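To start, the structure under review is shown below, and the notes come after it.
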Amino acid sequence: MDAIQTGRVPAEPGLPVGRDSTRALLGRLWREHVRHYKGRLLLVLALTLLMAGTTALYPVVIDHAFEMFTARDRRILYQLPALVIAVTTVKALAQYFQNVQVQQIVLLVIRALQTRMFAHLARADLARVEREAPAQLAARFTTDATVIREALTRAVNGVADLVTVIGLVASMLYLDWVLSLIAAALYPLAAVPIQRIGRRVRRASGGMQERMGETAALLNESFAQARTVRAYRLEAAETERARTAFDALYRSLVRIIRSRARIDPVLEVLGGAAVAAVIGFAGWRAAVGTNTVGDFTGFVAALLIASRPLRALGSLNSAVQEGLAGLIRVFGVIDEAPRVVEQPNATSLPPGRGRVEFDDVRFVYPDGRVGLAGLSFDAAPGTTVALVGPSGAGKSTALALIPRLQDVTAGAVRIDGADVRDVTLASLRDAIAYVSQDALLFDDTVAANIHMGRPGASDIEVAEAATAAAAADFIAALPQGYATRVGPGGQRLSGGQRQRIALARALLRDPRILLLDEATSALDTENEAAVQLALARLRRGRTTIVIAHRLSTVRDAEQVIAMDAGRAMERGTHAELTQENGLYARLVRSQALAQ
């Protein structure tokens, strides 16, 4: 009930939702999206009325035809065919333009929902995005969007079906009001079973959409790990895992199919009962001579023509319930409050040379894991601070807090005296360049990927950044040079090449603070030496914070912080910490032995 009162909807997919919540969902969809297209909706309504009106004329035309046949009226040779052609032509034109307008409105609404959802996820904190596999998030934009689109289309067309039925009912009342009452008495009996079936469809649809997302995630993971699968002979295991996912998806789809399949038989039986009752009563009246064949024929024609829109209205609830299940999931994403938000009174990052301070910083992941447990250090402007330690020590977590990819649980991270939570995200992130150990690129050209560091940079500056990152030589050897597309994730380049493109992007940004998370891990010795020289030039006048397992890359750092269990265990230069024979010295010795 709280969700209804606040205008929000349950985020959990597949939950049964009551009638009030259904109204809240549809009302929200109308307020936030559909009502912006009132002009198009009025046009659709006008075309719908025209379609319904011409459809309602069919029984009257048939009734008129039988009267002319009975009277042997010669006008039937030219008047009636012309009338039929005129009616069908008008209906066909109205139907075409109505269908086009309906589809355009629906696609505009879906586009707006997809844009809102993507914009929300693009700004969401990492914990939210990393909670689901990329393929599962993508399913929100594909599977859910598809069922919502179908539901919206059916809903708008349902209005057309309703208006058509009203028009045909008017024709039937005009032709014979007594038979109309007999037919109308039976159809309401279908309301209860159809409503129950709709609720089942919504539950089944929510489960189906979840299974679709899980299956897509599994396939994406399996194909991405194709080398590992073959190297470890995991083909049979992966095939079995996929079979299990396909079985679960199959069962979800079968549940929906069975629920949908119950609707048409219910309407078929009731429609047959209505026709049988009409024929029986009309036959009795004809036997006693109180009615004409023409009236009866026109009425039965109207009843039969009404069967299609009535069936469509009967199955409408099922389609709408499926769409509501998808809508719950989409609004669930849109409504999820981000953890990292900009303060209402946030100011721009003050001028400075990039001093970074960690003041008793603590960070706890949403699942309760402790990432940092009171980390403090001061990175002076123009110096390099190296964070080292075993896996899980909290190095990457600390780095992520500086550009607010995550927010501290306690304590503070300051840049040039300003708490990063008090400044605008734009000014904060514009002052920082970040290169991670996973140097994934966008499926665009080499030049475009480097340009992302500073979109307004010139081609000369891009080339200079590539040269500084030891990337210019291999770029020149590519088929189209800087215009070469790198493929999804940069898969057409080697790991070292991707890393150097990412480093060139950071160099182009010309940042106040440079964050390097294993930035040279994929480089060979020769290229690493070249990049280290470039980084040495770049670090002048800038604050650089480096994470590296290869301790040879941090020998020149002004400060080395050895971390373990989210704390700074030691700090000093490479030479000082080596002599202390503590954590850092042990790391150096173990790495020397490994080599």
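What to note about this one:
- Each residue of region 95-107 is assigned a 3J(HN,Hα), and the resulting list reads 5, 4, 5, 5, 4, 4, 5, 4, 5, 5, 4, 4, 5 Hz, derived from the Karplus form 6.51 cos²θ - 1.76 cosθ + 1.60 (θ = phi - 60°), x at Gly and Pro.
- Karplus-based coupling profile of region 404-416, in residue order and whole Hz: 6, 5, 9, 10, 4, 7, 8, x, 7, 10, 10, 10, 6, with θ = phi - 60° in 6.51 cos²θ - 1.76 cosθ + 1.60 and x standing for Gly or Pro.
- When peptides 463-471, 128-136 are ranked by their average number of other Cβ atoms within 10 Å per residue, the highest-first order is 463-471, 128-136.
- Over all other residues within a Cβ to Cβ distance under 13 Å of Thr115, the charged ones net out to +3, with Lys and Arg as +1 and Asp and Glu as -1.
- If the chain linking Glu336 and Met452 were pulled fully straight, counting 0.36 nm for each residue of separation and taking away their Cα-Cα distance, it would gain 38.9 nm.
- Database remark: amide H of Arg571 closer than 5 angstrom to the amide H of Ala562 (H placed geometrically; neighbours at sequence offset of 5 or more, or on other chains; Pro and chain starts carry no H).
- The stretch between Leu253 and Ala585, if pulled fully straight at 0.36 nm per residue, gains 113.6 nm over its current Cα-Cα span.
- Cut-off under 5 Å, modelled amide H: who pairs with Ile547 long-range: Leu387, Leu516, Asp517, Glu518, Ala519
- For Leu108 and Ala380, a Förster radius of 45 Å and the Cβ-Cβ distance give a FRET efficiency of 0.25, rounded to the nearest 0.05.
- Neighbour counts of C-beta atoms inside 10 Å place His33, His451 in the sequence His33, His451, starting with the fewest.
- Neighbour net charge for Thr146 - beta-carbon separation under 15 angstrom, K R +1, D E -1: +2
- Spin-label model, Leu43 to His549: label points 7 Å out along the Cα-to-beta-carbon direction sit 6.0 nm apart.
Since every read-out is calculated from the coordinates, none of them should be taken as a lab result. No experiment lies behind these values; they were computed from the predicted model shown. Because the Cβ atoms are built from the backbone with ideal geometry, glycine has one as well, and the counts that use them run over all protein chains shown.
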